[in-house]
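Just below is one structure, and these are the notes that go with it.
The values are calculated or read from the model by the stated rules, or taken from the named source; none is laboratory data. None of the values given here were measured: they were computed from a predicted structure. Keep in mind that these areas ignore ligands, DNA and RNA; they rest on the heavy atoms of the full protein, side chains included. Shrake-Rupley method; radii C 1.70, N 1.55, O 1.52, S 1.80 Å.
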Amino acid sequence: MDFVMVLGLLAATITTFSFFPQVLKTWQTKSAKDVSYIMLISFNTGIFLWLLYGIALKSLPIILANSVSLVFNLIILWLKIKYR
């Protein structure tokens, strides 16, 4: 594994798991009132497009980061709808 791949995986790990505290907080408080629907929908769309881009490039860091980010952000969107 070369330096660029390690750098990409490290960046992907840090940015992807930055959403995990929001998932936990939303789940625990049963509130997502401060999270915007427009932001969540546009962000999920962007993540999905990044995922397609990563698949087209066959880039493991892009695929992994955006797959996990999409799951976390879809959970936040689902919780926002559930707890409104």
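A simple rule links phi to the HN-Hα coupling: the Karplus curve 6.51 cos²θ - 1.76 cosθ + 1.60 with θ = phi - 60°, which for region 4-10 gives 5, 5, 4, 4, x, 5, 5 Hz, with x for Gly and Pro.
Using a probe of 1.4 angstrom and keeping all protein chains present, the accessible surface of region 5-84 works out to 67 square angstrom per residue.
In region 3-83, the portion of solvent-accessible area held by carbon and sulfur atoms comes to 77 percent [1.4 Å probe, whole percent, DNA, RNA and ligands not counted]. Within straight-line reach of residue 82, meaning a Cα separation under 25 Å, sit the following lysines at least 8 residues removed in sequence or on another chain: 25, 30, 33. By the helix-only formula, in which each DSSP H run with n ≥ 4 contributes -39500 (n - 2.57) and the sum is divided by residues, the chain has a 222 nm mean residue ellipticity of -27500 deg cm²/dmol.
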